[in-house]
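> Dropping the structure in here first, questions after.
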Amino acid sequence: MSTGAEANAGVMPVRAGFGFAVEPLARWMAEHVAGFEGPLEVLQFKGGQSNPTFMLRAKSGEYVLRRKPGGQLAKGAHAIDREARVLSALGKVGFPVAQVHGLCLDESVIGSIFFVMEMVEGRIFWDASFSELPASERAAYFMEMNRVLAQLHGIDPDAVGLGDYGRSGNYFERQIGRWTKSYLADIDAGRDAVMDRLIEWLPTAIPDGDESTIVHGDFRCDNLIFHPTEPRVLAVLDWELSTLGHPLADFAYHALMYRMPPQIVAGLDGVDPTTLSLPTEAEYIAAYCANTGRTGIPNYDFYIAFNFFRMAAIFHGIKGRVARGQASSAHAADRLGAYPRLLELAQEAMDACT
């Protein structure tokens with residue numbers, strides 16, 4: 001789960017096993033992408049591991065291509081067409097996303113379905129402390145992240161044609177059930193007392209007030225392209241996990257950065273935000289409430305505990321795959337070192353509620 005710029009930023013030649021014939025793609029683009037003019041060169045972004053992502057260079061400019069990975073895929077996974085759909089819908093109402101130029105459902109063109117979107121130039125911050133910036137500028141970037149997520153949660157799904165983009169209602173019951181089932185089924189990964197306690201406690205602690213909005217599912221600083229010099233988000237990336245869900249689950253996942261160890265994902269665990277000229281967690285929550293018209297977020301630690309539980313369940317699955325020799329990443333075993341800390345953080349949030 002490397003989030004560093006060295007591992008994820010920039011492009012490189014297309015890796016072995018990821019290539020495809022360029023000419024059929026160029027012909028498709030000439031027919032479907034307005035203003036396209038070849039010749040066409042294809043490079044691969046270092047990031048975008050789940051859905052392989054490519055830079056396309058042509059006489060008419062630069063583009064980005066996202067495609068399904070090869071091989072046998074789990075049902076519903078890597079839904080490139082869903083990603084193109086949400087980008088197109090949100091772009092029409094002024095939400096900051098890359099413009100989709102075209103979606104291709106014909107697998108014969110490059111071997112899988114794909115879409116082509118604009119190349120957005122700007123800055124991506126891989127460190128949640130925004131240490132690249134002068135201290136006096138960092139708070140503005142945090143507040144811009146906050147504003148953009150609040151903007152997303154304020155969009156009416158029905159009004160933008162996304163009313164059927166996921167199941168609405170009972171989000172926490174469904175998610176807790178899903179990850180509980182996954183955890184209990186993976187016998188090879190063993191059991192953990194904290195996970196067992198979370199499974200028992202979470203369904204009893206769901207706060208009142210069911211809500212359903214468009215949620216991103218992985219809203220982090222490194223999934224945002226900022227303006228080259230201003231604290232302004234130009235495009236939100238990586239919509240693979242987006243659906244209809246509870247906005248407070250989405251916000252709390254984003255706000256995990258205050259408690260998250262940086263070696264797991266961009267986080268500030270162990271750091272006093274004020275020493276970095278960043279808003280505190282309480283100030284950040286207050287800003288989201290102001291941006292969304294809330295008076296507060298009662299039972300906030302439930303949403304934090306839920307998100308750490310979900311993340312711990314994902315790592316538990318990795319543990320099982322490592323035990324069975326099925327882990328696809330050479331770094332999977334190393335990543336498991338974070339599993340105990342995730343459980344500690346989940347327990348801290350749970351204890352704060354009880």
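The values are calculated or read from the model by the stated rules, or taken from the named source; none is laboratory data. Just so we're clear, the structure is a prediction, and the values are computed from it rather than from any experiment. Glycine gets a Cβ as well: all are built from the backbone with ideal geometry, and neighbour counts include every protein chain shown. Surface accessibility is based on the protein's heavy atoms, side chains included, excluding ligands, DNA and RNA. Shrake-Rupley method; radii C 1.70, N 1.55, O 1.52, S 1.80 Å.
> Have a look at GLU62, GLU107 and point out the one that is at pLDDT below 95, open to solvent by 40 Å² or more (accessible area, probe 1.4 Å), acidic (Asp, Glu) and farther than 30 Å from TYR288 by Cβ.
None of the other options fit; the residue is GLU107.
> Restricting the search to the stretch 205-234, which residues are more than 30 Å from LEU133 (Cα to Cα) and either small (Gly, Ala, Ser) or touching a helix residue (DSSP H, G or I) at 6+ places or on another chain (Cβ under 7 Å) (or both)?
If the condition is that a residue be more than 30 Å from LEU133 (Cα to Cα) and either small (Gly, Ala, Ser) or touching a helix residue (DSSP H, G or I) at 6+ places or on another chain (Cβ under 7 Å) (or both), then ALA205, ILE206, PRO207, GLY209, GLU211, SER212, THR213, ILE214 are the ones that fit.
> Count, please, the residues in the stretch 241-260 that happen to be open to solvent by 10 Å² or more (accessible area, probe 1.4 Å), of a type in the set (Phe, Trp, Tyr) and out of contact with any Pro (no Cβ under 8 Å at 6 or more places or on another chain).
Summing the residues that are open to solvent by 10 Å² or more (accessible area, probe 1.4 Å), of a type in the set (Phe, Trp, Tyr) and out of contact with any Pro (no Cβ under 8 Å at 6 or more places or on another chain) in the stretch 241-260 gives 1.
> What are the pairs with Cβ atoms under 6 angstrom where one residue, in the stretch 44-59, is of a type in the set (Val, Ile, Thr) and the other, located anywhere, is modelled with pLDDT of 75 or more and surrounded by 17 or more Cβ atoms within 10 Å (Cβ to Cβ)? Sequence gap at least six, or different chains.
Between residues of the stretch 44-59 that are of a type in the set (Val, Ile, Thr) and residues that are modelled with pLDDT of 75 or more and surrounded by 17 or more Cβ atoms within 10 Å (Cβ to Cβ), the close pairs are THR53/PHE45; THR53/ARG66.
> Can you spot a residue in the stretch 44-52 that is modelled with pLDDT of 95 or more, closer than 20 Å to VAL109 by Cα and buried (at least 16 other Cβ atoms within 10 Å of the Cβ)?
No; the residues of the stretch 44-52 include none that is modelled with pLDDT of 95 or more, closer than 20 Å to VAL109 by Cα and buried (at least 16 other Cβ atoms within 10 Å of the Cβ).
> I would also like to ask the following. Does GLN99 satisfy the condition of being modelled with pLDDT of 95 or more and touching a Gly at 6+ places or on another chain (Cβ under 7 Å)?
The answer is yes for GLN99.
> Does PRO261 qualify as being closer than 21 Å to ALA128 by Cα, out of contact with any Gly (no Cβ under 9 Å at 6 or more places or on another chain) and assigned to a loop (DSSP other than H, G, I, E, B)?
In short, no.
> Checking ALA312 against (1) open to solvent by less than 40 Å² (accessible area, probe 1.4 Å); (2) at pLDDT 95 or above; (3) not in a loop (DSSP other than H, G, I, E, B): exactly one of these is not met. Which one?
(2)
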